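Where a number appears in this text, it was derived from the coordinates with a stated rule and is not lab data. The structure displayed is predicted, hence computed values, not measured ones. Every residue, glycine among them, receives a Cβ derived from its backbone with ideal geometry; neighbour counts consider all protein chains shown.
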2 protein chains.
Amino acid sequence: MKKLIIASTSTLHGGNYLEYLMPALQGHFKGCKSLLFIPYARPGGMSHDDYTKKAAGFFAKLGITVKGLHEFEKPTQALTDAESVFTGGGNTFLLVTQLYKTGTMPVLEEIIKKGTPYLGSSAGSNICGLTMQTTNDMPIIYPPSFKTLGAIPFNLNPHYLDPVEGSTHMGETRETRIKEFHAFNTQPVLGLREGSWLEVKGNKVILKGDLPARLFRQGKAPEELETESDISWLK
Amino acid sequence: MKKLIIASTSTLHGGNYLEYLMPALQGHFKGCKSLLFIPYARPGGMSHDDYTKKAAGFFAKLGITVKGLHEFEKPTQALTDAESVFTGGGNTFLLVTQLYKTGTMPVLEEIIKKGTPYLGSSAGSNICGLTMQTTNDMPIIYPPSFKTLGAIPFNLNPHYLDPVEGSTHMGETRETRIKEFHAFNTQPVLGLREGSWLEVKGNKVILKGDLPARLFRQGKAPEELETESDISWLK
């Protein structure tokens with residue numbers, strides 16, 4: 001049975017790394033002694049080692065030992081053997097490129113289906129959707145494909161930002177960008193505000209956190225979904 | 001001799017379409033009777049026809065007749081024959097995909113080199129750089145390549161946005177994104193604020209408009225460049 005936490009962000013303003021998710025993660029990783037961290041998204045160009053240390057610092061509080069996927073000679077085998085997996089945020093283009101290059105994309109898809117507990121934040125959440133085409137990231141590297149894990153049957157826009165009232169900036173709003181996406185693609189896009197996450201258990205998908213999420217569907221007006229909504233119907 | 005105006009945005013807050021560029025465009029397109037408009041970037045999913053009408057509305061004031069590239073059976077021939085060219089903004093992934101699909105990317109590169117007067121705004125400016133990898137747009141479609149025209153020997157970030165002081169949003173700032181780009185790519189990136197443009201004449205590149213631009217180079221601290229700076233040295 002699938003078991004995922006898919007978070008908009010790792011960190012809330014004024015909070016510490018993963019802190020706001022602590023209660024949810026205690027339940028999610030209950031009984032786990034080890035976690036495999038996927039550091040490929042390298043936020044700000046941070047090294048794999050430094051990023052893994054950051055994740056390990058948090059999971060030590062849960063009594064969970066962390067290793068980085070980059071430490072293994074056979075990353076596909078490491079994933080198959082993993083007790084639990086966390087993919088950190090950063091640049092989605094880089095993350096997806098590395099997952100394809102190392103052959104780990106299909107293995108990750110498989111172990112998630114089989115029920116290995118998974119946590120994603122930001123870029124690590126983006127890849128849970130059907131494609132990475134609703135990321136906010138810069139295309140700093142050319143990935144072999146935009147197709148991602150499809151652990152949920154729609155796309156995500158993490159760090160969803162509402163239009164800023166009175167803004168004089170003429171660049172596209174997030175909503176305009178998603179509208180452009182829907183001129184060419186049919187799948188729904190869920191805008192997850194910072195502090196929201198999805199809890200996936202089997203085919204059940206629940207919106208968690210303090211905020212509503214914004215749902216965009218092709219040819220329909222955007223809708224607000226209240227927290228604790230069951231969105232298992234969405235596809 | 002190359003002759004380009006490469007603008008951060010088509011429209012300033014509170015202004016009309018291309019209005020702020022009017023004095024520059026009068027000189028740039030002096031003597032031109034016709035202009036070929038490339039509407040491929042389709043802002044907000046707008047149709048090619050509607051977008052071309054919008055451009056035509058502006059250029060009528062300059063006594064210039066506009067046709068859309070989509071109206072021609074042989075777009076490569078239309079480009080070769082064009083007296084002047086304008087590529088409008090919208091989604092850069094879509095624009096680049098269409099330029100490759102129609103075989104017009106290399107032809108556009110060629111006619112710009114030969115001296116056909118060119119205007120780009122936003123996505124239409126992005127493609128003047130070496131690659132489209134410093135766009136802000138969403139990857140709504142998978143282009144065959146991120147390589148673009150290289151009409152200038154560096155990359156651009158149009159609609160450049162300074163970090164918002166006191167912001168509680170935890171998504172990456174533009175500066176962080178460009179830093180991530182430079183973890184993997186060597187070319188300089190010029191952040192063009194809304195209201196700035198580059199005037200290219202042969203190998204001479206001058207920064208125009210009321211604002212400074214922000215220059216990012218690999219391994220160096222970002223720099224501010226004053227308007228009217230000659231940046232022909234930059235590569």
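Pick from A:LYS220, A:LYS53, A:LYS101: which is most flexible by mean-square fluctuation in a GNM of chain A where alpha carbon atoms under 10 Å apart are linked?
A:LYS220
Specify the inter-centroid distance of region B:150-229 and region A:1-61, based on alpha-carbon positions, in whole Å.
Result: 32 Å between the Cα centres.
With respect to the cross-link table entries A:LYS54/A:LYS220; A:LYS33/A:LYS179; A:LYS33/A:LYS208; A:LYS113/B:LYS179, which display a Cα-Cα separation exceeding 32 Å?
A:LYS54/A:LYS220; A:LYS33/A:LYS179; A:LYS113/B:LYS179
Taking a ≥ b ≥ c as the square roots of the Cα gyration tensor eigenvalues, with a/c under 1.5 meaning rounded and otherwise prolate when a/b beats b/c, else oblate, which class fits region A:1-149?
In terms of gyration-tensor shape, rounded.
B:ASP230 label points, 7 Å along Cα→Cβ, one per copy: pairwise distances from this copy to the rest in nm, shortest first?
Sorted ascending, the copy-to-copy spacings read 7.2 nm.
May I ask you to report, in nm to one decimal and beginning with the shortest, the distances from B:ASP162 to the same position in the other copies, taking label points 7 Å along Cα-to-Cβ?
2.6
Which of the peptides B:84-90, B:162-168, A:102-108, B:23-29 is most tightly packed, and how do the rest follow, judged by the mean count of other Cβ atoms within 10 Å per residue?
Going from most to least packed, we get B:84-90, A:102-108, B:23-29, B:162-168.
Put a point 7 Å out from Cα along the line to Cβ at A:LYS33; what are the distances to that point in the other copies, in nm, shortest first?
Relative to the other copies, A:LYS33 has label-point distances of 8.5 nm.
Work out the charge dipole of region B:50-204 with +1 on the Cβ of Lys and Arg and -1 on the Cβ of Asp and Glu about the Cα centre, then indicate which of B:VAL66, B:GLY171, B:TYR142 is farthest towards its positive end.
After comparing all options, I get B:VAL66.
Evaluate peptide B:167-176: per residue, the Cβ atoms of other protein chains within 10 Å of its Cβ; return the mean as an integer.
Across B:167-176, the average partner-chain Cβ count within 10 Å equals 6.
List the aspartates and glutamates whose Cα sits under 12 Å from the Cα of A:LYS30, skipping any in the same chain fewer than 8 residues away.
A:GLU83
If you rotate chain A onto chain B, whose Cβ in A ends up lying nearest the axis, and how many Å away is it?
Residue plus distance in Å, as requested: A:PRO139, 3.
Could you sort the peptides B:112-125, B:140-153 by per-residue average Cβ neighbour count (10 Å cutoff), highest mean leading?
For the peptides B:112-125, B:140-153, the packing ranking is B:112-125, B:140-153.
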